[in-house]
Amino acid sequence: MIKERFQGLELLATAVVVSDFQGTVLFANLAAESLLEVSRRSVDGHSMAALFVEAGQFGEFLAKAAKDPFGIKRQVFELVRPNGSSEHVHVTLSCPDANENITLIELREIEQQLKIDREARMLDQSIANKELIRNLAHEIKNPLGGIRGAAQLLEIELPSPDLKEYTQVIIKESDRLQTLVDRLLAPHRRPHIVALMNIHEVCERVRSVILAEHRKGLRIVRDYDISIPEFMGDLEQLIQAVLNVVRNAAQALSAHIADGTAEIILRTRVVRRVTINRKQHKLALDLQVVDNGPGIPADILERIFFPLVSGREGGSGLGLTLAQTFVQQHEGIIECSSQPGRTIFKITLPIQLEEHSG
């Protein structure tokens, strides 16, 4: 039986359809059912070519694969779902056995591939940034202590109180830089306290803090999926990560808060069969922070998670960097999309129901 033979394809997150050389569907895995947004029963026995705008070209593509079963063929086609929606997909054809009338058709969303590539770049960039920050912070820390100490000794020797005003400037600015350095190093020093936690406890703690800071003019809307299970994580780290993101949104809403129209939405959902940083996960949390502010300037949107990058005057540019660090320490990813009137920070975290042994 074809279905029994290819049952292992059900474990793949990639959409795979098995057809004969004529393109008649023999089997489709769960991921294909999800991509096509239709039940597998409704496509079994039907022509695969009928799913594409370029039906004729797909037929020719399939015929080439049948003539050269040892090669792997790749091409982009526009997929049309039964519900009328369409999407460009990367189609890969291969034949598991040259003597059989069977073709494996792998369908990969182009947007999904772009997302994977983007996540990989972000991860590599984040690792490089953290290494740079760590090295820079250590290089600053040692001479900073020397500058502060020299200023204190100089202050003792100065005869005039008026001159001591200048040494106090040196000492205070050294202390300010020391605080900044400590904040840069803090995420790398802090031990993980991993235990079962609830994401809505995180959201409620953050909501309470932000509403205490902004007692008037700001509305924080809860849009929770209460079915999300508890998962393994560091509660305090995730509270800090989400707090940094929501506080960043509240600061961007200052004008709206003044006129009473500011709104932040905390939305939680479960997503299944998701790829995060090149790893596949059966279950993940999708936490979105949505605000109705002016949006993030286009010139800094791609650099929003870089250290010391801020769109706000007087901002340290560390809040989102630290949020990204804490999220990545949970094997997750944080992304941002923005346009005037709607900015979305999306945190995706794999849901680990119990701590791995070993």
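No lab work stands behind these numbers, since they all come straight from the coordinates. Nothing here was measured: the structure is a model prediction, and the numbers come from that model. Reconstructed Cβ throughout: ideal geometry from the backbone, glycine too, with neighbour counts over all protein chains shown.
For a paramagnetic label modelled at 7 Å from the Cα of Phe21 toward its Cβ, which residues of the stretch 49-81 fall within the zone defined by backbone nitrogen distances under 19 Å?
49, 57-74
If R₀ is 45 angstrom, what is the calculated FRET efficiency for the pair Glu302 and Ile156, using the beta carbon separation as r and rounding to 0.05?
Numbers: r = 50 Å, r/R0 = 1.11.
The computed FRET efficiency comes out at 0.35.
For Val38, what charge total do you get from the other residues with a beta carbon under 14 Å from its beta carbon, if Lys and Arg give +1 and Asp and Glu give -1? Kindly include the intermediate steps, with their values, before the conclusion.
Values: positive: Arg40, Arg41, Arg81; negative: Glu33, Glu37, Asp44, Glu87.
Around Val38, the surrounding residues sum to -1.
So what is the relative contact order for the stretch 194-350, in percent, with contacts set as C-alpha pairs under 8 Å and at least six apart?
Numbers: 301 pairs, mean separation 36.3, N = 157.
Reported relative contact order: 23 percent.
On a full-extension model of 0.36 nm per residue, what is the gain between Leu163 and Lys73, subtracting their alpha-carbon distance, rounded to one decimal in nm? Show your work: numbers first, answer last.
Details: separation 90, 0.36 × 90 = 32.40 nm, distance 7.83 nm.
24.6 nm is the gain from fully extending Leu163 to Lys73.
Would you report the distance distribution of C-alpha pairs in the stretch 194-350 as whole percents per 5 angstrom bin, up to the bin with the largest distance?
Once binned at 5 Å, the Cα pair distances of the stretch 194-350 give 2, 9, 19, 23, 22, 15, 8, 3, 1.
For Glu331 and Arg222, FRET efficiency with R0 = 41 Å and r from the beta-carbon atoms, rounded to 0.05?
Efficiency for this residue pair is about 0.95.
By how many nm would the segment from Ser42 to Arg272 lengthen if fully extended, with 0.36 nm per residue of separation less the alpha-carbon distance?
Taking Ser42 through Arg272 to full extension adds about 80.5 nm, to one decimal.
Could you check the simple spin-label distance between Arg342 and Asp97, using points 7 Å along Cα→Cβ, in nm with one decimal?
Taking the simple label geometry, Arg342 and Asp97 are separated by 5.1 nm.
Points 7 angstrom from Cα along the Cβ direction at His88 and Leu211: gap in nanometres?
The answer from the label model is 4.6 nm.
What nm distance separates the two modelled labels at Arg81 and Asp175, each placed 7 Å from Cα along Cα→Cβ?
For Arg81 paired with Asp175, the spin-label model returns 5.9 nm.
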